[in-house]
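Asker: Mind looking over this structure? Questions follow.
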């Protein structure tokens, strides 16, 4: 029997919403493990070995970090979100660089930071590596105007009557795009809401409704079950020992299988995860932190190559 899909997340995470939406669109059954929206996360640490971000996907002893890699892993399972006749994988990945980059940064700039609790604010300051302050009225107006232009792009894509962003079937482009209006509507709930009025984007509003209806129709009959965090640790420990690994030799690199390296996100949550390389390719890399630290659970922790920096401690070429 194949190991279960376990999603480590919290309800208000926009990036976790991407994964939840993809799981439903693919009709996959999964287990939900909820963690705090701030550090520490003591029952995730033994599995992820210091990785700061969330969500994290666990399948057996494999722990997948970063939503881009998680979506690639889910794509290997039933109901593809790159259907025939839709833009190729590269186009959608390029689209996600916009949605996850400047579009998302503008959205978060308009959060009511001055009204959030101190623990959450301090956590996010550590996450981004700088002080966060509420934008002044003039800056807020400028950001709102710029953000409105981004929403107008989504609306214009849909203005030709297409059902979804890439055509007549939902793809990962819809998963990436859906996160932003969801963030404004579900997270802010209009209470302290800044930013553009989403009613000004009628095509996007209808598209959101179609995406949600399609996900509801497709989702697994049992959808997801809640799982205690300690049980997720038990399931990882029950797996056989992590194999030594394999993989092609990417270009150009200064390490190979068995090398000791640290992997760190390039932008936010820059906490390095150190381990022995057990898999490497041009798209992803996996390390075994337990082999270096002897702490936590003996998992294979996976990262995408794009968006992460590698520091070599022991090359073993």
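Asker: Tell me, which residue of region 37-70 that is free of Cβ contacts under 8 Å to residues at least 60 places away in the same chain and under 16 Å from the mean Cα position of the chain (by Cα) is surrounded by the fewest Cβ atoms within 10 Å (Cβ to Cβ)?
Answerer: Within region 37-70, the first condition is being free of Cβ contacts under 8 Å to residues at least 60 places away in the same chain, and the residues that meet it are 40-42, 54-57, 59, 67, 70.
If we keep only those that are under 16 Å from the mean Cα position of the chain (by Cα) too, we end up with 54-57, 59, 67, 70.
Details: 54: 22, 55: 22, 56: 26, 57: 24, 59: 20, 67: 27, 70: 24.
Filtering first and then ranking leaves 59.
Asker: Give the residues of region 26-60 that are more than 22 Å from residue 118 (Cα to Cα) and not in a loop (DSSP other than H, G, I, E, B), sorted by residue number.
Answerer: Matches in region 26-60: 30, 31, 32, 33, 45, 46, 47, 48, 56, 57, 58, 59.
Asker: Can you give me the number of residues within region 292-317 that are farther than 14 Å from residue 255 by Cβ and either touching a residue at least 12 places away in the same chain (Cβ under 8 Å) or surrounded by 15 or more Cβ atoms within 10 Å (Cβ to Cβ) (or both)? Quick ask: steps written out before the conclusion?
Answerer: Residues of region 292-317 that are farther than 14 Å from residue 255 by Cβ, as a first pass: 293-302, 304, 306-307.
Add one more test, that the residue is either touching a residue at least 12 places away in the same chain (Cβ under 8 Å) or surrounded by 15 or more Cβ atoms within 10 Å (Cβ to Cβ) (or both), and what stays is 293, 295-302, 304, 306-307.
Qualifying residue count for the region: 12.
Asker: Also, I was wondering about something else. Please find, within region 267-286, the residue that is nearest to residue 68 (Cα to Cα) out of those that are surrounded by 16 or more Cβ atoms within 10 Å (Cβ to Cβ) and in contact with a helix residue (DSSP H, G or I) (Cβ under 8 Å, 6 or more places away or on another chain).
Answerer: 284
Asker: For region 1-25, which residues satisfy the criterion of being closer than 20 Å to residue 100 by Cα, part of a loop (DSSP other than H, G, I, E, B) and in contact with a strand residue (DSSP E or B) (Cβ under 8 Å, 6 or more places away or on another chain)?
Answerer: 10, 11
Asker: Can you find, within region 298-317, the residue that is modelled with the lowest pLDDT among those that are part of a loop (DSSP other than H, G, I, E, B) and more than 14 Å from the chain's Cα centre (by Cα)?
Answerer: Looking at the filtered set, the residue picked out is 317.
The values are calculated or read from the model by the stated rules, or taken from the named source; none is laboratory data. Being a predicted model, the structure only gives us computed values, none of them experimental. Virtual Cβ from ideal backbone geometry, glycine too; neighbours counted across all protein chains shown.
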